[in-house]
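The values are calculated or read from the model by the stated rules, or taken from the named source; none is laboratory data. Given the structure is predicted, the values throughout are model-derived calculations rather than measurements. Cβ coordinates were reconstructed from backbone atoms using ideal geometry, including for glycine residues, and neighbour counts include every protein chain displayed. These area figures cover heavy atoms from the full protein model, side chains too; ligands, DNA and RNA do not enter into them. Shrake-Rupley method; radii C 1.70, N 1.55, O 1.52, S 1.80 Å.
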Amino acid sequence: MLLASASASAERAGSSSSTGSSSSKGIERPHQAIAAQVKINYSSTGKGGGGSGPLASTDSSWTPPPCWYAPEWSATEFQQFRQGVYVSAVHDPDLPNDVRGEISDENQKYAGDNYNIDKEKEGMWWGPQYNDDAPLADQMKCDKDPFWVKKGETPDVPEAIKPETLAGLAYQQMQVPGTRVSLAPAGASKVNLPTWAWLDKADFKPVSVTASLDVGGFHAEATTTATADSLSLDPGTDDAQVLPASGRCAINGDGSIGEPYAKGKGNETPPCGVVYRRSSGDGTFSLRSTATWKISWTGTGGAGGDLPDGAYGDDQPVTVQEIQAVNR
């Protein structure tokens, strides 16, 4: 494994920066600073417009893939890469001799097989890739030196990229519609009277993101889809009652949530809403609406499954006033 100081040396020599799903943030990892990330392509459908945002998994134990191995170099490219590492190390006066020696020994190991140049059309060298949004300790699980893989084969390595890896990365890229709800009656809400809340069906169409990797004859892809499941209301004060009592407003058959308020319904119970029990005084209450999304994915070769639910919410101010009685 290349040492971090060697990576820094090659980076100073002007080698490639990350072009993949994550970007270098100056953290020194094996190979990261001296090799370009393999580019993963993303495409999406159905994402929200203004107010949209990223999903957060409702399962705190689930995280997107922190690192993976992917085909990165042809034999000729790998030869150039390794020789570049060696030249950078030789000309770095700050590099300790033992590190320089390790790089030389490692290069000789690959040079002994002539970097597999005689097998140029038969395979590729795979290397580690990193997700900068993951904890560094998790990223460092991919500490294996570059290795040769024949075309059409997937190496028997736990972190080798596969459709499930891409599904998790697609999940990380997903943007869903905002949840700022329509409220009625118009103007300030009234103490002890229901405030209606709803979202139109156009706001909650399914959202999909496809992540794909095509390099050197290797192809894998996965499409991750989020489907709205419910909307939860948090009134922003304990002196309030949510409707329904569970606080979770179900998705209607047409994809909408709740029911729009209509004149004359002021005393009816809305299918989704809040009853405030005290005024907000000179301020406002922060009503938070959080949508829960069911997550599924399909991938290359018929792979597929479910991922943990995701959630995204917005806050909006609500003014609540006492009902003013008029004496005649």
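Taking the Cβ of Gly273 as the center, what net charge do the other residues with Cβ under 12 Å away carry, scoring Lys and Arg +1 and Asp and Glu -1?
On the way: positive: Lys265; negative: Glu259, Glu268.
Residues near Gly273 contribute -1 overall.
With springs only between Cα atoms under 10 Å apart, run a GNM on the chain and tell me which of Asp138, Asp156, Asp203 wobbles the most.
Of Asp138, Asp156, Asp203, the Gaussian network model singles out Asp156 as fluctuating most.
Specify which labelled value, from [x] 89, 35, 35; [y] 100, 45, 27; [z] 62, 45, 39, agrees with Cα extents along the principal axes in Å derived from the coordinates of the model shown.
Of the listed options [x] 89, 35, 35; [y] 100, 45, 27; [z] 62, 45, 39, [y] comes from this structure.
With a 10 Å cut-off between alpha carbons and a GNM built on the chain, which of Gly302, Gly51, Gly247 moves the most?
Gly302
Once amide H atoms are placed 1.01 Å from N in the peptide plane, what residues at a sequence separation of 5 or more from Gly304, or on another chain, have their amide H within under 5 Å of its amide H?
Amide H neighbours of Gly304: Gly299.
What does the net charge come to around Thr154 if you take all other residues with beta carbon closer than 15 Å to its beta carbon, with K and R at +1 and D and E at -1? Each step should come with its number before you reach the end.
Numbers: positive: Lys144, Lys150, Lys151, Lys162; negative: Glu72, Glu153, Asp156, Glu159, Glu164, Asp214, Glu221.
Computed value for this residue: -3.
What is the sum of charges, Lys and Arg at +1 and Asp and Glu at -1, for the other residues whose Cβ falls under 14 Å from the Cβ of Ala250? Walk me through the numbers before you get to the answer.
Numbers: positive: Lys201, Arg248, Lys294; negative: Asp229, Asp254, Glu259.
Summing Lys and Arg as +1 and Asp and Glu as -1 gives 0.
How large is Rg/Rh for region 170-221, to two decimals, with Cα atoms and a Kirkwood Rh? It would help to have the intermediate numbers written out before the result.
On the way: Rg = 20.4 Å, Rh = 15.1 Å.
Ratio of gyration radius to Kirkwood radius: 1.35.
Can you give the relative contact order of the chain as a percent, counting alpha carbon pairs under 8 Å and 6+ residues apart? It would help to have the intermediate numbers written out before the result.
Numbers: 729 pairs, mean separation 64.8, N = 328.
It rounds to 20 percent for the chain.
Can you list residues whose amide H is under 5 Å from Ser232's amide H, if they're 5+ apart or on another chain and H is modeled 1.01 Å from N?
For Ser232, whose amide H was placed from the backbone, the distant partners under 5 Å are Cys249, Thr290, Ala291, Thr292.
Summarise the accessible area of the chain (1.4 Å probe, protein heavy atoms) by the percent that is carbon and sulfur. Can you show the working numbers first?
Working: 7550 of 15990 Å².
Ligands and nucleic acids excluded, carbon and sulfur reach 47 percent.
Along region 205-211, what does the Karplus equation 6.51 cos²θ - 1.76 cosθ + 1.60 (θ = phi - 60°) give for ³J(HN,Hα), rounded to whole Hz, x for Gly and Pro?
6, x, 10, 10, 10, 10, 10
I want to verify a result. In a Gaussian network model of the chain, Cα cutoff 10 Å, which of these has the top mean-square fluctuation: Ser189, Ser61, Ser289?
Ser61
Which of the peptides 113-119, 160-166 is most tightly packed, and how do the rest follow, judged by the mean count of other Cβ atoms within 10 Å per residue?
Details: 113-119: 14.6, 160-166: 22.1.
Sorting 113-119, 160-166 by mean packing, highest first, produces 160-166, 113-119.
Percent relative contact order of region 198-246, based on C-alpha pairs within less than 8 angstrom and at least six residues apart?
Numbers: 37 pairs, mean separation 13.9, N = 49.
For region 198-246, the relative contact order is 28 percent.
Roughly speaking, what is the stretch gain from Lys263 to Gln83, that is 0.36 nm per residue apart minus the C-alpha to C-alpha distance, in nm to one decimal? Don't jump to the answer; show the numbers that get you there.
Working: separation 180, 0.36 × 180 = 64.80 nm, distance 7.66 nm.
Length gained, Lys263 through Gln83: 57.1 nm.
Please report, to one decimal in angstroms, the Kirkwood hydrodynamic radius of region 144-247 built from all distinct Cα-Cα pairs. All intermediate terms of the calculation are to be shown ahead of the outcome.
Working: mean 1/r = 0.0549 Å⁻¹.
Computed over Cα pairs of region 144-247, the Kirkwood hydrodynamic radius comes out at 18.2 Å.
In square angstrom, what is the accessible area per residue of the chain with a 1.4 angstrom probe?
Numbers: 15990 Å² over 328 residues.
With all protein chains present, the chain gives 49 Å² per residue.
Show log10 I(q)/I(0) for region 36-131 at q = 0.12, 0.16, 0.20, 0.23 Å⁻¹, two decimals, from a solvent-free Debye sum over equal Cα scatterers.
Results for region 36-131 at q = 0.12, 0.16, 0.20, 0.23 Å⁻¹ read -0.63, -0.84, -1.08, -1.26.
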